[in-house]
Amino acid sequence: MATGQLFSRTTQALFYNYKQLPIQRMLDFDFLCGRELPSVAGIINPGAEGFQKLFFGQEEIAIPVHSTVEAACAAHPTADVFINFASFRSAAASSMAALKQPTVRVVAIIAEGVPEADAKQLIAYARANNKVVIGPATVGGIQAGAFKIGDTAGTIDNIIACKLYRPGSVGFVSKSGGMSNELYNTIARVTDGIYEGIAIGGDVFPGSTLSDHVLRFNNIPQVKMIVVLGELGGRDEYSLVEALKQGKVSKPVVAWVSGTCARLFKSEVQFGHAGAKSGGEMESAQAKNQALKDAGAVVPTSYEAFETAIKETFGKLVEEGKISSVKEFTPPQIPEDLNIAIKSGKVRAPTHIISTISDDRGEEPCYAGVPMSSIVEQGYGVGDVISLLWFKRSLPRYCTHFIEICIMLCADHGPCVSGAHNTIVTARAGKDLVSSLVSGLLTIGPRFGGAIDDAARYFKDAYDRGLTPYEFVESMKKKGIRVPGIGHRIKRGDNRDKRVELLQLFARTHFPSVKYMEYAVQVETYTLSKANNLVLNVDGAIGSLFLDLLAGSGMFTKQEIDEIVGIGYLNGLFVLARSIGLIGHTFDQKRLKQPLYRHPWEDVLYSK
């Protein structure tokens with residue numbers, strides 16, 4: 001492996017398995033370092049394509065999303081780092097796919113628990129093809145002032161505190177990602193900071209070893225000293241011992257192997273990482289520390305003395321003139337995300353939507369303040385849910401039962417009415433459910449099913465003004481307006497609509513008052529004297545009875561009743577009900593596999 005540095009200020013990466021936060025942290029680091037080009041060239045999300053919006057400083061940018069590794073590599077040939085956030089189940093396969101791409105040079109595998117056999121295959125392939133694997137089970141790596149992988153070094157505040165926005169003189173390598181953050185801070189306190197830091201991961205078989213990176217650091221002119229943090233378990237540190245003994249490392253190495261406390265336990269202890277388990281004396285932290293010291297590394301007596309050892313080594317290099325002072329500068333301010341600023345009370349922002357009928361922010365959704373569990377446990381029906389979502393209150397049971405009856409009675413009226421006909425024709429044209437449903441719903445209006453609101457509006461106005469049925473009907477006639485809710489193409493005075501009779505029977509039995517309905521019946525009596533088909537239809541029945549429901553329940557003010565009628569609540573009831581039938585007609589035509597409908601010529605009057 002050896003060679004030199006892995007990253008630069010122009011390095012770009014492909015990010016596998018979209019995660020918003022680590023990508024945004026990479027872009028914020030780019031901005032902090034003054035990079036001109038975002039370090040994330042593309043995102044790979046299996047099965048998805050398009051763009052993801054993220055921020056590059058104050059500017060919002062769109063990063064391309066690709067469905068396959070191959071497509072992403074072809075689209076971004078200069079992106080030579082592959083950052084893999086896949087789970088342990090798919091990390092190996094996706095990493096191997098990346099390694100096989102000629103444009104990919106470095107693969108970082110974040111997942112823990114990648115099967116050891118898969119990890120060995122990845123390592124073998126990478127070494128045979130002169131490629132670098134960081135991980136598995138790694139947080140990644142960073143080149144100060146240039147490029148970082150995912151969540152490496154944590155928050156922007158930590159990055160600034162550790163002076164990672166500009167390069168220092170220390171090369172650092174560790175097994176632990178968590179301890180890397182600690183050491184970045186320690187090194188920044190007693191030296192001029194990190195030049196490059198790598199966490200190789202804590203699995204038994206890391207893709208690259210401590211010695212791999214130490215030897216690489218030795219070839220980077222800007223790295224003047226090397227800090228190594230190992231841990232008990234495995235024998236990775238001994239390859240570094242051999243490199244030191246053979247004189248392959250010419251720069252000072254300050255090293256510590258953690259886990260010396262393991263000897264305090266009577267039995268073998270498995271620490272956090274899969275590889276942090278001593279398999280014998282040679283794998284103990286004490287043995288490794290001694291071997292590193294004997295080989296020429298600076299090894300402190302304890303972890304507490306690690307910082308002092310780093311400081312003293314750095315100080316000697318400064319005295320020898322091997323390290324010149326780093327020019328400090330103030331990094332730019334990262335714009336704060338709006339949601340974070342709002343939570344911290346720094347800004348206030350207007351909302352874009354107001355909702356008073358439901359709330360999904362708690363442990364369970366609420367309808368008008370009633371938890372979903374209460375709705376189920378108390379046996380609420382569809383009518384109760386409508387009363388909560390439409391009227392924002394729990395109406396008496398007779399009211400919600402009436403609503404349910406209206407829905408049942410208006411669900412369908414056969415295949416010949418305009419709404420059903422449109423839906424059937426659309427379904428037979430091969431369109432989907434939503435398209436077929438909407439084509440039927442679009443026919444609802446003043447001439448089909450949409451007269452409930454108008455019927456309620458006109459009946460209420462006439463009754464409240466004290467007009468007689470004669471005065472009401474004749475005044476409408478003078479205005480050239482048909483009386484909404486009166487008239488039917490099929491039903492007659494001697495063949496009443498059964499639905500109207502059922503609604504009237506229910507209301508007379510359960511409603512406290514039916515004054516508006518009785519007024520509508522009186523209007524019907526007058527209109528039948530003019531023509532036998534001018535009967536009270538289902539629109540008129542529902543419209544007048546809903547007025548009685550609203551007025552008789554005592555739960556609505558006059559202003560609220562006027563508003564309900566004016567907004568179009570009652571037509572909403574017909575739309576809801578008829579949707580059931582239209583969906584049924586769609587399914588019926590699909591099930592019957594009916595062909596495209598073409599209207600017969602003989603049923604068309606062709607006229608000049």
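Rounded to the nearest 500 deg cm²/dmol, what is the calculated helix-only ellipticity per residue at 222 nm for the chain, with -39500 (n - 2.57) per DSSP H run of length n ≥ 4? List each step's numbers first, then the result.
Numbers: 23 runs with 261 residues, N = 608.
One gets -13000 deg cm²/dmol as the mean residue ellipticity at 222 nm.
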What is the list of residues in region 356-376 whose amide nitrogen lies under 17 Å from a point 7 angstrom out from the Cα of residue 392, following Cα to Cβ?
356-360, 366-371
May I ask which residue of 38, 218, 133 lies farthest towards the positive end of the charge dipole of the chain, with charges of +1 (Lys, Arg) and -1 (Asp, Glu) on Cβ and the Cα centre as origin?
38
Residue 338: net charge of surrounding residues, Cβ under 13 Å, Lys/Arg +1, Asp/Glu -1, itself excluded?
0
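So, counting K/R as plus one and D/E as minus one, what does the shell of residues with Cβ under 13 Å around residue 318 add up to? Spell out each step's value before the answer.
Details: positive: 224, 311, 316, 322; negative: 192, 312, 319, 320.
That works out to 0.
Kindly give Rg over Rh for region 300-360, based on alpha-carbon atoms, with the Kirkwood expression for the hydrodynamic radius. Write down the numbers at each step before the final one.
Details: Rg = 25.3 Å, Rh = 17.7 Å.
Rounded to two decimals, Rg over Rh is 1.43.
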Kirkwood-based Rg to Rh ratio, region 411-592, C-alpha trace
1.01
Ordering of 236-243, 352-359, 584-591, 600-607 by packing [mean C-beta count within 10 Å, highest first]
236-243, 584-591, 352-359, 600-607
To the nearest 10 degrees, how steeply does helix 177-190 sit against the main Cα axis of the chain, on a 0 to 90 scale?
60
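What's the carbon and sulfur percent of the chain's accessible surface, probe 1.4 angstrom, rounded to a whole number? Mind showing how you got there, number by number?
Details: 16300 of 29770 Å².
On the chain, the fraction of accessible area on carbon and sulfur atoms equals 55 percent.
Using the structure shown, select from 131/322; 53/163; 245/293; 392/558 the pairs with a Cα to Cα distance greater than 21 angstrom.
Working: 131/322 32 Å; 53/163 28 Å; 245/293 11 Å; 392/558 16 Å.
Those over the limit are 131/322; 53/163.
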With a cut-off of 8 Å between alpha carbons and a minimum separation of six or more residues, what is the relative contact order of region 411-592 in percent?
35
Given the pairs 478/498; 148/224; 479/608, which are separated by over 26 angstrom at their Cα positions?
478/498; 479/608
Would you list, by chain and number, the aspartates and glutamates whose Cα falls below 20 Å from the Cα of residue 460, excluding same-chain residues fewer than 8 positions away?
471, 474, 518, 524, 539, 548, 560, 562, 563
Roughly how many nanometres apart are two label points built 7 Å out from the Cα toward the Cβ at residue 596 and residue 293?
8.8
Set the Förster radius R0 to 56 Å, insert the Cβ-Cβ distance between residue 339 and residue 604 as r into 1/(1 + (r/R0)^6), and round the FRET efficiency to 0.05.
0.40
Segment residue 322-residue 470, length gained on full extension (0.36 nm per residue, minus Cα span)
42.4 nm
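What's the FRET efficiency of residue 305 with residue 364 using the Cβ-Cβ distance as r and R₀ = 51 Å, to the nearest 0.05?
Working: r = 54 Å, r/R0 = 1.07.
Computed FRET efficiency for residue 305 and residue 364: 0.40.
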Could you list the trypsin sites (Lys or Arg not before Pro) in region 403-461 that lie in coil according to DSSP, counting only those with at most 11 other Cβ atoms within 10 Å of their Cβ?
447
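Tell me the per residue accessible area of the chain using a 1.4 Å probe; a whole number in Å² is fine. Each step should come with its number before you reach the end.
On the way: 29770 Å² over 608 residues.
Result: 49 Å² per residue.
Below 8 Å between Cα atoms, with a sequence gap of 6+, how large is the relative contact order for region 13-320 in percent?
With pairs under 8 Å counted, the relative contact order is 13 percent.
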In nanometres, what is the gap between the two model label sites at residue 385 and residue 477, each 7 Å from Cα along Cα-to-Cβ?
4.7
Restrict the search to region 330-398; then list the GluC sites (Glu not before Pro) that DSSP places in a loop and that have at most 11 other Cβ atoms within 10 Å of their Cβ.
363
Taking all pairs of different Cα atoms in region 1-124, averaging 1/r and flipping that mean, what Kirkwood radius in angstroms comes out?
14.9
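How charged is the neighbourhood of residue 429? Take every other residue with its Cβ under 12 Å from the Cβ of residue 429, and add Lys/Arg as +1 and Asp/Glu as -1. Kindly include the intermediate steps, with their values, before the conclusion.
Values: positive: 428, 431, 590, 598; negative: 432.
In short, +3.
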With the chain reduced to its Cα atoms and the Debye formula applied, log10 I(q)/I(0) at q = 0.08 1/Å amounts to -0.74
Calculated from backbone phi, Karplus (6.51, -1.76, 1.60) coupling profile of region 602-607 in Hz, x at Gly/Pro:
5, 9, 10, 8, 8, 10
For residue 486, other-chain or 5+-apart residues with amide H closer than 5 Å (H placed, Pro excluded) are 537
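The values are calculated or read from the model by the stated rules, or taken from the named source; none is laboratory data. Fair warning: this is a prediction, and the values are worked out from it, not measured in the lab. All Cβ positions, glycine included, derive from the backbone under ideal geometry; neighbour counts span all protein chains shown. In case anyone asks, the SASA skips ligands and DNA or RNA and just uses the protein heavy atoms, side chains included. Shrake-Rupley method; radii C 1.70, N 1.55, O 1.52, S 1.80 Å.
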